[in-house]
Every structure is written in structure tokens, then in C-alpha cells.
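What follows is a short report on a single structure.
The numbers here are math on the coordinates, done by the rules we state, and not lab data. Keep in mind the model is a prediction, meaning the values are calculated, not measured. In this analysis, Cβ positions are derived from the backbone assuming ideal geometry, glycine residues included, and neighbour counts consider all displayed protein chains.
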Amino acid sequence: MRFSALSIAVLTLVGAHSPALTKRTSPSLSLTDADAIPAFNLPTLISTENVEANTHNIEAIRATLALYPLAIDGKNFDSLSRIFAQNAVANYSAPLNVLTPLSTIQSVLKSSLNPVTTQHSFGTQLIDILSHDSAFSVTYYTATHFGRGTFGGKTATAFGQYQDVWKKQQDGKWKITHRNLIYMGPLIGDLTIFTFTE
Ligand SMILES: *[C@@H]1O[C@H](CO)[C@@H](O)[C@H](O)[C@H]1NC(C)=O
């Protein structure tokens, strides 16, 4: 059961954003574990209950998320193990599509970003603790890709959001078990930079 570890968290989310349901404990069965949350529903998704008690967990997740741009932009793909669980499933949308497990996330991101250097910047972010060991976050990002070699000076910029399901691990660390990367606009710039080879 690939999704068993996150099914409770996701089913809780599904309950929260279904217009017909007001209780997080009443999951809708119309969506599967892997579905992204529609943008229209995101503003009403995040709970405001019990915020004080969750501050420590929220900050632990925020700090872990902050490692992601550092890992990618620093091309330290091994360090993605600090962010994603070993069995994580990440839907990076086309052309990368679904990447799993962690070792595939690492190798595919490494090879697809090899032609460029990058800067990933986080913007709007909400982190919601769902239970003692499950959480959901949505984080807007802008990712600028810089051409190398003959493509120096050229850029391509992506605008999107990460929707992440988190599970507190046995060692107490929060890790992403499921990610949906959703593009929020077209890739702007010069896509030929991705054809660079050394
Ligand atoms: C991956 O995400 C994209 C964009 O949200 C979606 O269209 C696609 O159906 C997803 N793929 C899977 C296998 O869930």
C-alpha cells in the first residue's frame, strides 16, 4: 500500500475542502490520495483552530521546506533526503510527471536541472497541522533557471505552487510523503537553455 502512510492526512484534507462537508473527519470519497487541491478551494482549506499549540510543528515544517531551494539551487540532491520520506511520491507535472521513491526524485531532478543553474524563491505559504503526526502545506514558488555556457544570460522562469503532505517520522522529524507541483502560469523565457550539454 504505497499511500497508506498518508491516507489519513489526505482523507482529512479531502473532507475539509469538500463544499458538502464541514467536518474534517467526514472524508469525501470522490478524490484519491494523489489528487491536487483545486486552487478555488485552497483559501478555505486551512484551519485556524489550535494555532498556538501547533507553532513548534509549523516552524519545524517551515524550516524543512526552506531546505528545498537550498538543496536544489546548491545542486545537493542527496540532501533532499532531509525533506522527502524514502517512499515519497512527487507529482512534478509534465514533463517530469510522477517521481517515486526518493532516489528517483533525486536522480531525475539532478539530471533535468543539469543544463542550468537555478534560484527557487518561496512566496505565499500556509502550513496546517492535521494531527500529531500529519500536516499539509501549500507554498508558492518562483523558479528562475539560468542558462550555462553558450546559453549564458538567458533565463526561463516557472511560477507555481507545491502542495505537500507531511508525516512526522519515528525520529520526530517531519518529512514530505506526497507532493503535487502545480504550475500557475506558463514557463516564461528561453526554453532552449535546457538543451545545454557539457
Ligand atoms: C499530476 O499532476 C497534474 C497537474 O496537477 C495532473 O494533471 C495529473 O493528473 C497528475 N498525475 C497523477 C498521476 O496524479
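Using a simple spin-label model with pseudo-atoms 7 Å out from Cα toward Cβ, MET184 and LEU96 lie 1.8 nm apart. Here the peptides 128-136, 109-117 are ranked by packing, the mean other Cβ count within 10 Å, and the order with the highest first is 128-136, 109-117.
With a Förster radius of 22 Å applied to the beta-carbon distance between SER112 and HIS56, the computed FRET efficiency rounds to 0.05. When each of the peptides 138-149, 156-167, 181-192 is scored by the mean number of other C-beta atoms lying within 10 Å of its residues, the order from highest to lowest reads 156-167, 138-149, 181-192.
Look at the dipole of the range 152-196 built from charges on Cβ: of PHE196, PRO186, GLN170, the Cα furthest out on the positive end belongs to GLN170. Taken as Cα centroids, the range 47-123 and the range 129-191 sit 6 Å apart, rounded to the nearest whole angstrom.
At full extension, TYR140 and THR195 could sit 17.1 nm farther apart than now, given 0.36 nm per residue minus the alpha carbon distance. For a modelled paramagnetic label at THR157, 7 Å from Cα along Cα-to-Cβ, the residues of the range 177-198 in reach, with backbone nitrogen under 17 Å, are 183-193. In a simple Cβ point-charge model (Lys, Arg +1; Asp, Glu -1; nothing else charged), the range 65-198 has a dipole of about 120 debye relative to its Cα centre.
To the nearest whole percent, what portion of all C-alpha pairs in the range 54-195 is separated by more than 25 angstrom? In whole percent, the share of Cα-Cα pairs in the range 54-195 beyond 25 Å is 25. Full extension of the chain segment joining ASN76 with LEU126 gains 15.4 nm, where the gain is 0.36 nm per residue of separation less the Cα-Cα distance.
Taking 22 Å as the limit for the C-alpha separation, the pairs LYS110/LYS154; LYS75/LYS168; LYS75/LYS167; LYS110/LYS167 exceed it in the case of LYS75/LYS168; LYS75/LYS167; LYS110/LYS167.
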